[in-house]
Amino acid sequence: MSYMNWKSSMLVMLAACASSTPGARPHDMSAAQHERSAEEHARAAEAHAGHYDPKAKATSTVCGAQTRICWTSVENPTAEHLRAAEEHRRHAADHRAASTTLGDAEARACAGIDPDDRDISPFDHIEDIASVEPLEEELSPSAPSRGLPLRRTVGAVVMFRVRPGMTAEWLQRIVDCHIARNAALGHVVPEMPSCPLVPKGVDARVTSAGNGFAVAIRSDDPAVAREVLERARRSLQPSRDAAPVTSSNRP
């Protein structure tokens, strides 16, 4: 993992730990969806705040009798709206923070990247892809085999041919930019059905390899790893009718 990718991942993890709102972790949805959720909670907070009356008093039959404690929530029957308004404001703030985290990570990762390289997946340049192979790793020696394979597929290795201006460092920056951008888009990018950087939770490392550059894309999630390999293979056989596959939409 590159330093930029690691730094962005750490910021996203810190934001996730800070949020206590369900669904408000950065990768739970796209930046735009976080903004919409924030607006929904803000409107709900405003509605509840409008129903709160600090001077409201309960009727004597509800509060004030000697046989009943006059709790604050009972003494003022509108107090529940104040609590709800505060909760919705907190949820709105958490969603806005998540959206900002995703947007900032994308801005940092894509700084200085040519607009075409930012908007077009490197895996769309099929004429410059030499090969696609499964990325495999050995299972732990302590794991019982029970007749199962001793290696597992964790993603794909895509080999790019050398092109003028291409270096491992610069290709890594482009890859990191796309990973950050796909996160900001919620990992749903229909116009990039063959890009293996779209699925949630992928990591990609670029290395020099003989007369080309190897991009190893991996995931610890078996379903995502299979999707990465499917997408990478599809990049060599593009089809206008290919349906986008997204791990977030898997059952």
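What follows is calculated from the coordinates using simple rules that are stated; it is not laboratory data. Keep in mind it's a predicted model, so treat the numbers as computed, not measured. With ideal geometry, Cβ positions are generated from the backbone for all residues, glycine too; neighbour counts draw on all protein chains shown.
Using amide H atoms built in the peptide plane, which far-off residues or other-chain residues are under 5 Å from residue 209 H to H?
Under 5 Å from the amide H of residue 209: 214.
Counting other beta carbons within 10 Å of each Cβ, put 28, 176, 128 in order, fewest first.
128, 28, 176
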